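Down below is the structure, laid out as structure tokens.
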2 protein chains.
Amino acid sequence: MIIDCHGHYTTVPAAHTAWRTAQLAAWEAGGSAPAYPDISDDDLRESVEGSQLKLMRERGIDLTIFSPRASAMAHHQGDEGVSRAWAEACNNLIARVAGLYPDHFVGVAQLPQSPGVPIANSIAELRRCVLELGFVGCNLNPDPSGGHWDSPPLTDRGWYPFYEAMVELDVPAMVHVSAVTNPNFHATGSAYLNADTTAFMQFLQSDLFKDFPSLRFVIPHGGGAVPYHWGRFRGLADMLKRPPLAESVMTNVFFDTCVYHQPGINLLFEVIDVDNLLFGSEMVGAVRGIDPETGHYFDDTKRYVEALKLPSDDLAKVYEGNARRVYPRLNRAR
Amino acid sequence: MIIDCHGHYTTVPAAHTAWRTAQLAAWEAGGSAPAYPDISDDDLRESVEGSQLKLMRERGIDLTIFSPRASAMAHHQGDEGVSRAWAEACNNLIARVAGLYPDHFVGVAQLPQSPGVPIANSIAELRRCVLELGFVGCNLNPDPSGGHWDSPPLTDRGWYPFYEAMVELDVPAMVHVSAVTNPNFHATGSAYLNADTTAFMQFLQSDLFKDFPSLRFVIPHGGGAVPYHWGRFRGLADMLKRPPLAESVMTNVFFDTCVYHQPGINLLFEVIDVDNLLFGSEMVGAVRGIDPETGHYFDDTKRYVEALKLPSDDLAKVYEGNARRVYPRLNRAR
């Protein structure tokens with residue numbers, strides 16, 4: 001079985017996106033959001049049959065851990081109520097898709113975050129998604145400002161109430177920022193990768209996983225810059241008198257395989273223990289084209305992983321076993 | 001000949017650092033900075049003989065392109081006058097070291113940047129350093145705020161007056177941030193790498209090098225996350241309908257070899273054209289320890305490059321030729 005731990009619902013029906021536009025316009029105007037539109041099951045099927053599901057079938061991916069479009073979370077827009085209503089709408093849609101295709105999609109929650117709003121206020125939606133909608137994890141935005149980085153680091157005690165809920169529910173978080181308003185950054189080209197690297201270094205500097213031994217994070221996009229600079233991070237841990245990474249961070253942190261060329265995947269598997277790697281492709285979305293150097297989609301990461309010719313036990317870990325360990329609620333249904 | 005394009009003067013005499021502390025304290029108190037202290041030539045010799053020069057001799061590095069300590073630039077501290085006086089003091093010290101060891105050190109300027117101050121105000125110090133002190137380049141900070149990223153991107157026209165001066169003087173800039181006050185970031189662990197990735201993506205999105213065909217940037221730390229995600233960047237260029245990277249960015253952008261483990265160096269040389277790579281080690285400073293996995297210093301990047309067993313022509317480019325092409329003023333003296 002092949003589980004893709006990193007898929008976003010980037011092909012939502014137009015009515016869903018139109019409602020978001022209307023919601024924000026209403027908020028700007030000081031009014032109330034319109035009623036959420038009727039979206040039929042057929043609309044939902046159509047939205048995935050020709051894209052996500054088609055690609056999964058073509059590539060031989062059985063199950064995608066599926067979350068709302070990351071760039072559209074846009075936690076910096078509107079206010080706390082706007083963000084909550086938007087997260088609920090997005091999560092409900094994910095739950096419906098997972099309900100229509102229970103063998104192919106399982107949900108991961110978008111959280112209703114807003115700049116300056118305590119993360120404890122996000123717990124109710126996490127609980128609803130996990131306990132009522134059957135979700136197996138969440139995406140946690142370390143910078144809900146949209147590229148201004150004015151929240152405390154992920155290791156600040158302000159985040160602890162949320163981590164307590166994650167531990168109680170036994171769900172991991174993928175560290176995932178969203179669209180940016182800061183013109184210095186491009187969402188998928190720099191903001192995402194920077195956030196990955198930033199989160200890893202925060203974990204390296206802290207005792208977070210002493211406080212929460214069973215807390216788990218997936219750092220997407222192959223861990224940002226981290227595996228490429230693995231020697232730098234090992235050396236910094238040493239300089240900062242921190243324990244070795246294997247003992248202090250990699251006990252609780254996992255990387256996906258969203259690295260869009262063979263040399264990058266080769267490096268990732270050379271330096272990171274196979275127990276810390278989860279298959280992922282971040283499709284459909286971040287990079288949609290075909291690599292002229294290979295003739296295949298950039299995001300067809302299964303090809304790169306296959307080319308490694310891993311021992312079958314290792315391949316099974318990357319494709320399935322590690323995901324079941326990091327997202328144990330996967331095992332309740334599947 | 002082996003040229004290290006990325007060395008910082010991290011072992012300055014204590015009197016220099018003490019003056020900086022006094023300068024900032026005076027500014028805080030609304031007074032004037034004390035007179036800059038007398039620092040003897042022997043003090044300067046002592047500051048490099050046992051560290052930078054010793055390591056260069058041990059490793060067989062002939063010449064270091066030497067700039068003030070990057071983390072101490074701290075452009076966010078004080079005001080424009082404070083930043084100018086500090087940059088002048090730092091650059092003067094570099095010039096003296098280069099004067100004492102003309103075969104081993106050549107200067108690169110710290111710029112007197114400050115948040116919100118036009119970059120045009122930095123041109124005078126660049127001119128002084130190049131025309132009077134014999135420097136061959138500068139370090140340009142894309143985020144003088146110290147990790148708050150509130151300046152315009154490097155491709156904004158606000159930077160153009162400075163680029164005109166760089167082109168006229170025929171000197172490149174290394175993109176290099178400094179210490180951070182934003183608790184989300186660690187200077188050498190995430191802020192530096194994030195800035196590298198950010199700058200590359202800015203260049204990818206813009207026509208900067210159409211406007212300045214001879215403008216040259218070195219992106220240090222092996223290009224941040226870029227080579228590891230080379231497929232992602234190639235794919236993004238395609239998605240954004242930008243020209244191929246080889247035609248639009250890599251004509252003017254170069255990476256150093258400050259990647260502190262063999263797999264990272266292997267990847268760098270596998271995906272990036274050898275004409276775009278300059279030998280560098282970022283020593284003494286960013287990571288000072290010995291890698292328990294190899295028994296050698298993490299920052300002894302020459303070992304990793306040697307292990308590639310490059311053809312001698314390629315090795316000569318990485319060690320010397322590319323540096324002479326990117327920093328042509330090197331050829332005036334050496």
For region A:175-326, the dipole about the Cα centre with charges only on Cβ (Lys and Arg +1, Asp and Glu -1), to the nearest 20 debye, works out at 280
Taking a probe of 1.4 Å and leaving out DNA, RNA and ligands, region A:1-118 shows per residue an accessible area in Å² of 39
Row for region B:281-330, column shape: gyration tensor on C-alpha, a ≥ b ≥ c, rounded if a/c < 1.5 i.e. under 1.5, prolate if a/b over b/c, else oblate; value oblate
Output row A,B: buried area (accessible, probe 1.4 Å, summed both chains) in Å², nearest hundred, equals 4600
Excluding residues fewer than 8 positions from B:Lys309 in its own chain, the lysines with Cα under 22 Å of it are B:Lys317
Among A:Gly60, A:Ser71, A:Asn91, the residue whose Cα sits farthest towards the positive end of the charge dipole of region A:53-109, when +1 is placed on the Cβ of each Lys and Arg and -1 on the Cβ of each Asp and Glu, is A:Gly60
Output row for B:Asp207: copy-to-copy label distances, label 7 Å along Cα→C-beta, ascending, in nanometres, one decimal, is 5.7
Excluding ligands, DNA and RNA, the carbon-plus-sulfur percentage of the accessible area of region A:193-307 with a 1.4 Å probe reads 50
So, in nm and shortest first, the distances from B:Arg325 to its counterparts in the other copies, with label points 7 Å along Cα→Cβ, work out as 4.6
Expected output for region B:223-263, residues with a loss of 40 Å² or more in accessible area relative to the chain alone at probe 1.4 Å, reads B:Tyr228, B:His229, B:Gly231, B:Arg232, B:Arg234, B:Leu236, B:Met239, B:His261, B:Pro263
For region B:194-208, in residue order, the Karplus 3J(HN,Hα) values (coefficients 6.51, -1.76, 1.60; θ = phi - 60°; whole Hz; Gly and Pro = x) are 4, 5, 4, 5, 4, 4, 4, 5, 4, 4, 4, 7, 10, 9, 3
Looks like region B:56-156, by Cα gyration tensor root eigenvalues a ≥ b ≥ c and the a/c under 1.5 rounded cutoff (else prolate when a/b is bigger than b/c, oblate otherwise), is prolate
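Carbon and sulfur together cover what percent of the accessible area of region B:90-191 at a 1.4 Å probe radius? List each step's numbers first, then the result.
Values: 1630 of 3030 Å².
On region B:90-191, the fraction of accessible area on carbon and sulfur atoms equals 54 percent.
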Once phi for every residue in region B:258-266 is put through the Karplus expression 6.51 cos²θ - 1.76 cosθ + 1.60 (θ = phi - 60°), the whole-Hz ³J(HN,Hα) values, with Gly and Pro written as x, are 7, 10, 9, 6, 4, x, x, 5, 4
Across the alpha-carbon set of chain A, Rg over Rh with Rh taken as the Kirkwood radius works out to 0.94
The size of the Cβ-based charge dipole (Lys, Arg +1; Asp, Glu -1) of region B:191-268 about the Cα centre, to the nearest 20 debye, is 140
Farthest towards the positive end of the dipole of region B:181-334, among B:Gly280, B:Ile219, B:Asn331 and with Cβ unit charges of +1 on Lys and Arg and -1 on Asp and Glu, lies the Cα of B:Asn331
By the C-alpha gyration tensor axes a ≥ b ≥ c (rounded if a/c is under 1.5, else prolate when a/b exceeds b/c, else oblate), the shape of region A:161-246 is oblate
Nearest-0.05 FRET efficiency for B:Thr11 and A:Glu46 at R0 = 51 Å, using Cβ-Cβ distance, is 0.20
Only helices counted: for chain B, with every DSSP H run of 4 or more residues adding -39500 (n - 2.57) and the sum spread over all residues, [θ] at 222 nm is -11000 deg cm²/dmol
Test assert for region A:181-196: residues whose accessible surface shrinks by at least 10 Å² between chain alone and all chains, 1.4 Å probe, equal A:Asn182, A:Pro183, A:Asn184, A:Phe185, A:His186, A:Thr188, A:Gly189, A:Ser190, A:Leu193, A:Asn194
Inter-copy distances for A:Asp42, nm, shortest first, label points 7 Å along Cα→Cβ, are 9.3
P(r) of region B:236-334 over all Cα-Cα pairs, 10 Å bins starting at 0, rounded to whole percent, reads 14, 40, 31, 13, 2
Given unit charges at Cβ for Lys, Arg (+) and Asp, Glu (-), the dipole magnitude of the protein assembly as shown about its Cα centre in debye, nearest 20, is 260
So, with points 7 Å from each Cα along the Cβ direction, the A:Thr294-B:Asn331 label distance in nm works out to 4.0
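The values are calculated or read from the model by the stated rules, or taken from the named source; none is laboratory data. As the structure is a computational prediction, the values presented were derived from the model and not from experiment. We place every Cβ from the backbone using ideal geometry, glycine too, and count neighbours over all the protein chains shown. SASA here: full protein model, heavy atoms, side chains in, ligands and nucleic acids out. Shrake-Rupley method; radii C 1.70, N 1.55, O 1.52, S 1.80 Å.
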